[in-house]
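S.K.: There's a structure below that I have some questions on.
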Amino acid sequence: MAVTEPAPAAPTVAHEGTLRRQPSRETAARTYARSLPIVPVRARGLTIEGADGRRYLDCGSGAGALALGHNHPVVLEAIRKVLDSGAPLHVPDLATPVKDAFTTELFATLPRRFAENARVRFCGPAGSDAVEAALTLVRTATGRDTLLAFTGASHGTTAGALAASAGARDARVIRLPYPYDYRCPFGVGGDRGAELAARWTEDLLDDPRGAAPVPAGMILEPVQGEGGVIPAPDTWLRRMRELTAERSIPLIADEVQTGVGRTGAFWAVEHSGIVPDVMVLSKAIGGSLPLALIVYRADLDCWPPGTPAGTFRGNQLAMAAGAATLAYVRENGLAGRAAVLGARMLGQLQGLAATHRCVGDVRGRGLMIGVELVAPASGDPAPPDPALAAAVQRECLSRGLIVELGGRRSSVVRLLPPLTLTDEQAVAVLDRFADALAAAERAAQRRSGTDPCP
Ligand code: PMP
């Protein structure tokens with residue numbers, strides 16, 4: 001599992017031109033490039049190396065897409081093998097040995113009770129494409145239209161996926177409360193908050209005046225990612241499964257971000273033991289290359305041949321890289337490793353909350369970790385502090401650590417390190433993070449005149 005560090009590249013000033021040209025040629029919608037002004041030229045495992053020769057510990061993992069970090073040897077080898085074999089690189093839907101091997105590996109890792117009677121559909125390459133396919137599937141299978149989705153959800157960028165995501169208004173989507181312990185919509189948190197969130201859903205479904213038409217499906221993330229790393233309690237997930245099963249409403253688990261060991265189980269639904277009707281998979285399943293698919297109960301498979309699912313649904317390199325990744329995670333018990341290491345890191349980060357008032361909450365599951373930053377003001381919980389979160393991200397970068405931001409008000413610093421993270425690397429990540437947090441907090445206190453040691 002040891003990762004070899006790349007040799008440093010010769011420092012160059014050419015990257016300054018690369019950085020300078022970007023804003024005049026690329027869209028104003030760029031996100032990562034604004035907060036991470038680096039020019040990556042080489043990468044291996046946890047480490048990215050910039051053109052200026054600086055090295056960074058990458059806890060963004062390409063928006064959570066790299067289970068094994070950058071350029072893992074088994075991934076590179078799988079890609080090279082396909083390239084050297086002369087196999088076609090792109091063949092939508094056709095049976096190929098590469099796809100056959102990927103599908104076999106995928107079914108071997110899926111929860112047994114789900115895989116026993118499931119079908120897979122390869123979609124266009126993005127998570128959003130697979131979400132669209134899942135929504136079309138349940139709408140076609142049930143003949144219904146309405147969708148149940150949750151506050152804080154993030155399912156992608158295409159019309160249907162966006163409509164299911166938080167912040168969208170769509171007459172076909174009914175928005176339900178997601179159990180967010182720290183900022184409980186019912187003001188109670190804990191088990192009671194989750195119970196009230198479940199009751200809200202039950203009440204809505206059983207309203208005799210038909211406040212909600214019988215829905216085509218329910219879509220949820222077992223751990224909300226972009227929404228701020230919010231793990232759903234297992235009891236709540238089981239209730240959602242019961243409520244939907246009793247009413248023949250297909251349950252779609254969006255595991256685009258939580259899949260492939262990230263949360264400490266191979267699939268996040270395994271923590272609660274629920275068996276969904278549809279699973280949406282992307283990001284890590286392509287082993288760093290674009291791949292997306294849905295897996296679902298065979299009896300939902302009633303759409304006619306030819307239902308569109310995107311041209312690029314036959315990327316052989318992605319399938320080979322994905323199969324190698326799935327196999328490596330399975331054979332090396334990396335989901336279990338993520339659980340142990342993640343719990344340790346969570347504990348250490350929680351220790352920071354005791355000494356930093358700006359740390360409102362530390363939460364996560366496995367190696368999907370979030371630190372919610374708050375303004376030191378009265379109120380329980382204290383208000384989110386997006387400016388401080390951005391400052392922490394900048395301070396992390398200047399210490400050679402890449403972190404993501406998320407959450408409903410961009411006030412959650414997110415850590416998504418590769419599952420291959422070593423103990424030593426975890427210590428380095430936490431040291432740099434603690435240092436960055438202290439520096440950003442001090443600077444904020446100086447600005448507001450509340451610095452205890454000016
Ligand atoms: N579902 C979830 C849970 C996601 O986190 C994302 C992307 N962050 C998507 C769907 C959409 O994936 P993509 O960006 O590849 O379209």
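S.K.: Report, to the nearest whole %, how much of the accessible area of the chain belongs to carbon and sulfur atoms, 1.4 Å probe, protein only.
M.R.: 54 percent
S.K.: For the range 221-325, restrict the atom set to alpha-carbon positions and state the Rg and Dmax in Å.
M.R.: When restricted to Cα atoms, the range 221-325 yields Rg and Dmax of 14.9, 41 Å.
S.K.: Here is a further query. Taking N as the number of residues in the range 104-209, what is its Cα Rg relative to 2.2 N^0.38 Å?
M.R.: My calculation over the Cα atoms of the range 104-209 gives 1.27.
S.K.: What whole number of Å gives the distance from the Cα centroid of the range 155-191 to the Cα centroid of the range 47-108?
M.R.: 32 Å
S.K.: Also: Counting other C-beta atoms within 10 Å, and keeping those with at most 12, which DSSP coil trypsin sites (Lys or Arg not before Pro) do you find in the range 89-182?
M.R.: The qualifying sites are ARG169.
S.K.: Moving on. Kindly provide the helix-only [θ] at 222 nm of the chain, computed as the sum of -39,500 (n - 2.57) over DSSP H runs of four or more divided by all residues, to the nearest 500 deg cm²/dmol?
M.R.: So the calculated ellipticity at 222 nm is -12500 deg cm²/dmol.
S.K.: Hey, how much of the P(r) for the range 1-159 falls beyond 21 Å, as a percent of Cα pairs?
M.R.: Distances greater than 21 Å cover 68 percent of the Cα pairs.
S.K.: Could you please state, rounded to a whole Å, how far the C-alpha centre of the range 382-454 is from the C-alpha centre of the range 324-380?
M.R.: Using only Cα atoms, the two centres lie 13 Å from each other.
S.K.: Counting only the backbone N, which residues of the range 195-231 are under 17 Å from the spot 7 Å out from the Cα of VAL188 toward its beta-carbon?
M.R.: 195-204
S.K.: Please list CYS302, CYS59 from largest to smallest accessible area, probe radius 1.4 Å, with all protein chains kept in place.
M.R.: CYS302, CYS59
S.K.: Additional query: Using per-residue counts of other Cβ atoms within 10 Å, averaged over each peptide, order 234-241, 259-266 from highest down.
M.R.: Final packing ranking: 259-266, 234-241.
S.K.: I would also like to ask the following. Considering the Cα trace of the chain, what is its radius of gyration and what is Dmax, both in angstroms?
M.R.: Both quantities, over Cα of the chain: 22.1, 71 Å.
S.K.: Also, I was wondering about something else. At 1.4 Å probe radius, can you tell me the per residue accessible area of the range 74-331 in Å²?
M.R.: The answer is 40 Å² per residue.
S.K.: Regarding the range 352-419, what's the average projected area of the Cα-atom convex hull, expressed in nm²?
M.R.: 4.9 nm²
S.K.: Given Cα positions, please report Rg to Rh for the range 74-331, the hydrodynamic radius being the Kirkwood one.
M.R.: 0.98
The values are calculated or read from the model by the stated rules, or taken from the named source; none is laboratory data. Everything quoted here is computed from the prediction, not taken from an experiment. Quick reminder, even Gly has a Cβ in these numbers, built from the backbone with ideal geometry, and neighbours come from all protein chains shown. In case anyone asks, the SASA skips ligands and DNA or RNA and just uses the protein heavy atoms, side chains included. Shrake-Rupley method; radii C 1.70, N 1.55, O 1.52, S 1.80 Å.
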